[in-house]
1. Just the accessible area for Ile54, please: 1.4 Å probe, Å², rounded to the nearest 10?
2. Along its principal axes, what span do the Cα atoms of region 1-127 show, with the longest given first and each in whole Å?
3. How many percent of the accessible area of region 77-121 is carbon or sulfur, using a 1.4 Å probe?
4. All other residues with a Cβ under 12 Å from the Cβ of Thr111 taken together, and with Lys, Arg as +1 and Asp, Glu as -1, what is their net charge?
5. So how strong a dipole does region 8-86 carry about its Cα centre when Lys and Arg Cβ are +1 and Asp and Glu Cβ are -1, to the nearest 20 debye?
6. Taking the Cα centre of region 14-152 as origin, sum charge times position over the Cβ atoms of Lys and Arg (+1) and Asp and Glu (-1), and report the length of that vector in debye to the nearest 20.
7. Would you tally the net charge around Leu125, using a Cβ to Cβ cut-off of less than 11 Å, leaving Leu125 out, and scoring K and R as +1, D and E as -1?
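The values are calculated or read from the model by the stated rules, or taken from the named source; none is laboratory data. All values reported here derive from a predicted model rather than from experimental measurement. Note that each Cβ is placed from the backbone with ideal geometry, even for glycine, and that neighbours are counted across all protein chains shown. To get the accessible areas, we keep the full protein, side chains included, count just its heavy atoms, and leave off ligands, DNA and RNA. Shrake-Rupley method; radii C 1.70, N 1.55, O 1.52, S 1.80 Å.
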Amino acid sequence: MTVDNRTKSIRKLDPVQLKQRIIHLQAELSRYKQQVDSYQNNYHYNQFDQLKEIIKHKNEEVNQLQQQKLELEETVQRIEGKKSRYEETYTDLQNKVNELLAENKILQEETELLQTENASLRDTLDNQEEEVVRLRHKVEELEEETSLFKPRKNSLQLNRETDAADSWFLRTLKQQNKEE
């Protein structure tokens, strides 16, 4: 029966039949409500609701974990970029250190050569100073011998003449030795 046919059949009923019909429909409605309540109170139905809630929470957790995964992947990419830049910097610094070590070795060798040369020059200077002193003594001896034949110069003039000639050279060398 269609809705239109039912409406027509209801119009033909008298008020008592309509009341009976209403009572019957209310009883059916009450019975269906009881069935719905029993389904809702049913253990399996409750489990189904609980499972729906659990699934909803798990889906939310999955979404959060996926978001965290994306954030971690971005962080890993940033860290890998920094790592590659640090590796390049490390390589550059390592090359500079190696260059500086090589330069340092060269400078140390030069320093050793200069120290050896300096020591040799000091020895030469000492020998020359000894030679100058020896030659002075010889000059003095010769002057004494020749002074017997020439008039004597005053000893003050003699000291001035000998001091002025070699003192500048000797003083400069001695000062350099003292400074080192």
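1. That residue has around 90 Å² of solvent-accessible surface.
2. Principal extents (Cα only, largest first): 155, 33, 17 Å.
3. Carbon and sulfur: 56 percent of the exposed surface of region 77-121.
4. Net charge in that neighbourhood comes out at -3.
5. Working: 15 positive and 11 negative charges, 104 e Å.
With Lys and Arg at +1 and Asp and Glu at -1, about 500 debye.
6. In total the dipole reaches around 2320 debye.
7. Within the 11 Å Cβ shell, the charges total -3.
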